[in-house]
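First up is the structure itself, then whatever we jot down about it.
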Amino acid sequence: MVWDAVLALILWLPAAAGVMSSTYSVLRLLWSLLYVIPLIWRRTRPDVAALGVALACLIQLFVQDGPNGGDLCVPVVIYAVIAYGSPRRARWWLWTALAGSVAAGLRWSITDSFVIHRTTREFIVNTVALTMVCAVIVLMAWYAGRFARERRLHVEQLRRRADDLERERDQRVRLATQEERARIAREMHDIVAHSLSVIVVQADGGAYLAHHEDAGDAATRLDASGKALDTIAETARRALTETRRLVGVLRDDSDTTPELAPSRGLAELPGLIAETRRALPVTLTVEGDPDSHPPLPEGADLAAYRVVQESLTNVLKHAGPAATARVRISHSPEAVEIQVSDDGRGTAGATDDGAGHGLVGMRERVAAWGGTLEARDRLDGGFQVRAVIPTEH
């Protein structure tokens, strides 16, 4: 609005010079102000500005015989109504300005003809010429304002599009961050939960041997306690290695850092079974030919491994001390089926210690590769986890 006020002041100088005379000087001064003061609101209220200038021009037709400096405000306000106002009302102001051009041409020609005594033909030519000049100025201002409006709207559209793209980018970053956090949480859960479950079982067994003489003679109990400690140490070292690997990837923020590559798969199941067998009786059965289908992608292979690992962890934690577990892997051309079952206490033995997060993590892993996972109590007692991962991705 400051620059609009400066423009109004600049235009007031020729307007005041064009309307001032020795008579009625105060009224003519107010008339000159009527041309320019509305221009202060030409951006915020273009219709008000146009109304003020139109009123000043109407007064001009009655009190002045020719154009004056205030007429410079007409193209300025026509530009404003189309650039900043309503397009529908702007068209109405255009027709008003064109009608004013005709009225001005006729009024000025009549006065000129009385002074110079023109012929009818000269009067018509003079009227048409003055009208055309006024109309051309109005139309030039109109199209200039229209161009400015379209350009402004185009810039606003580009700005909105840029804002939308920025919001979409931020949303993708947030989703990617959440997905990465969930992936890291699953990795940490699978690495730590299984290892700690084995360690707890072995530690409880070692403590029992140390404090109960009825578990055997001293040599037998000492040997069993040593094996339990060896299992604890080996399991802890393996968990520490995997945790360091995961944390190392998280700390390396260089652009060339590779993604955390899956290092486990169905081929490593015998090692997992052997480790778990030190704390839980478990059997592994493989049905079908692994070569009957294409090799699973590394991520799907890791998902299958983690399903078995987490299921055995839950057996250790919830099935009870006398439970046994069975792992069955079935290969077919269409899918790999993983089934882990036990004969323990089922969901009746579950405690509120975060086990639900493990099932959620398993479902997320399997679903990411187009598979399904079911977890339920068995009819004859115990619990069963069954996952199916398609071989085609």
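The values are calculated or read from the model by the stated rules, or taken from the named source; none is laboratory data. What you see is a predicted model, and the numbers here were worked out from it, not measured in a lab. With ideal geometry, Cβ positions are generated from the backbone for all residues, glycine too; neighbour counts draw on all protein chains shown.
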> Is it the case that some residue within the range 281-293 is in contact with a Pro (Cβ under 9 Å, 6 or more places away or on another chain), of a type in the set (A, V, I, L, M) and either at pLDDT 90 or above or on the phi > 0 side of the Ramachandran plot (or both)?
Replying inline: yes
> In the range 278-311, what residues are in contact with an Asp or Glu (Cβ under 8 Å, 6 or more places away or on another chain) and among the hydroxyl-bearing types (S, T, Y)?
Replying inline: Y305
> If R306 satisfies every condition in (1) under 40 Å from the mean Cα position of the chain (by Cα); (2) surrounded by fewer than 16 Cβ atoms within 10 Å (Cβ to Cβ) but one, which is the exception?
Replying inline: (2)
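Conditions (1) within 20 Å of R376 (Cβ to Cβ); (2) assigned to a loop (DSSP other than H, G, I, E, B); (3) in contact with an Asp or Glu (Cβ under 9 Å, 6 or more places away or on another chain); (4) at pLDDT 90 or above, marked per residue:
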{"position": "E275", "(1), (2), (3), (4)": "no, no, yes, no"}
{"position": "T313", "(1), (2), (3), (4)": "yes, no, yes, no"}
{"position": "V327", "(1), (2), (3), (4)": "yes, no, no, yes"}
{"position": "S341", "(1), (2), (3), (4)": "yes, no, no, yes"}
> Of all residues in the range 365-393, which are touching a residue at least 24 places away in the same chain (Cβ under 8 Å), under 25 Å from I184 (Cβ atoms) and touching a strand residue (DSSP E or B) at 6+ places or on another chain (Cβ under 9 Å)?
Replying inline: R365, V366, W369, G371, L373, V385, A387, I389
> Of the residues A203, A162, which is over 30 Å from R363 (Cβ atoms) and either in contact (Cβ under 8 Å) with a residue 24 or more places away in the chain or not in a helix (DSSP H, G or I) (or both)?
Replying inline: A203
> What number of residues in the range 197-218 are at pLDDT 75 or above, surrounded by fewer than 18 Cβ atoms within 10 Å (Cβ to Cβ) and not charged (D, E, K, R)?
Replying inline: 3
